[in-house]
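The values are calculated or read from the model by the stated rules, or taken from the named source; none is laboratory data. Just so we're clear, the structure is a prediction, and the values are computed from it rather than from any experiment. Positions of Cβ are backbone-derived with ideal geometry, glycine not excepted, and every protein chain shown enters the neighbour counts. Please note that ligands, DNA and RNA were not included when accessible areas were found on the heavy atoms of the full protein model with its side chains. Shrake-Rupley method; radii C 1.70, N 1.55, O 1.52, S 1.80 Å.
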Amino acid sequence: MVRDLNFTVKIVVAPTLREPDGLAMSSRNKYLVGDLRRQSLILSQALTKARKIVTTARKPVQAARLRATLKGFIEKEPDARLDYIEFLRPNNLVPVKQVTPGTQIALAVFIGKTRLIDNAL
């Protein structure tokens, strides 16, 4: 979009900064008190689980099936409620129906009242 609209903006792609336990750094993390902080780790665990499923699969994984698997995994935490999981082409963020290595995953999960987001290839 920056290129298409000739914006004089430079986009710098950088890895997500994470806490030592894997949670993406965010100002919202301060709202995760007590057991909510532990439950919030389900986001990074879900990303790891998705990566393992996709990289060990012999063929592309159906996005709908992977989404359902991850939803069940995430919502095993009592205060976790899935907002969305999307699987996207990393170069243009178009949703895909088949997930292969290199696909971008983006998710948002409410932990209690706090909405957390994360993403990974």
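What the table below lists for this structure:
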quantity: Overall form of the stretch 58-121 per C-alpha gyration tensor (a/c, 1.5; a/b vs b/c); calculated: oblate
quantity: Selected from 56, 48, 16 as most flexible by GNM, with the chain as the system and alpha-carbon contacts under 10 Å; calculated: 56
quantity: Carbon and sulfur %, accessible surface of the chain computed with the full protein complex present, 1.4 Å; calculated: 57 percent
quantity: Rounded FRET efficiency, nearest 0.05, which uses the C-beta distance separating residue 14 from residue 53 and R0 of 25 Å; calculated: 0.45
quantity: Zero-based 10 Å bins, Cα pair distances in the stretch 1-72, whole percents; calculated: 15, 31, 28, 23, 3
quantity: Estimated [θ] at 222 nm from DSSP helical runs (n ≥ 4, -39500 (n - 2.57)) normalised by residues in the chain, nearest 500; calculated: -8000 deg cm²/dmol
quantity: Where the chain is the region considered: accessible area per residue in Å², 1.4 Å probe; calculated: 68 Å²
quantity: Pairwise FRET efficiency - residue 41 versus residue 68, Cβ, R0 = 25 Å, nearest 0.05; calculated: 0.75
quantity: Fluctuation leader among 22, 34, 72 - the chain, Gaussian network, Cα springs under 10 angstrom; calculated: 34
quantity: Alpha-carbon radius of gyration plus Dmax, which is the widest Cα pair, for the chain in Å; calculated: 15.5, 47
quantity: Computed lengthening from residue 110 to residue 75, 0.36 nm per intervening residue step minus Cα-Cα distance; calculated: 11.6 nm
quantity: Max mean-square fluctuation residue, GNM over the chain, Cα-Cα springs under 10 Å, options 75, 86, 19; calculated: 19
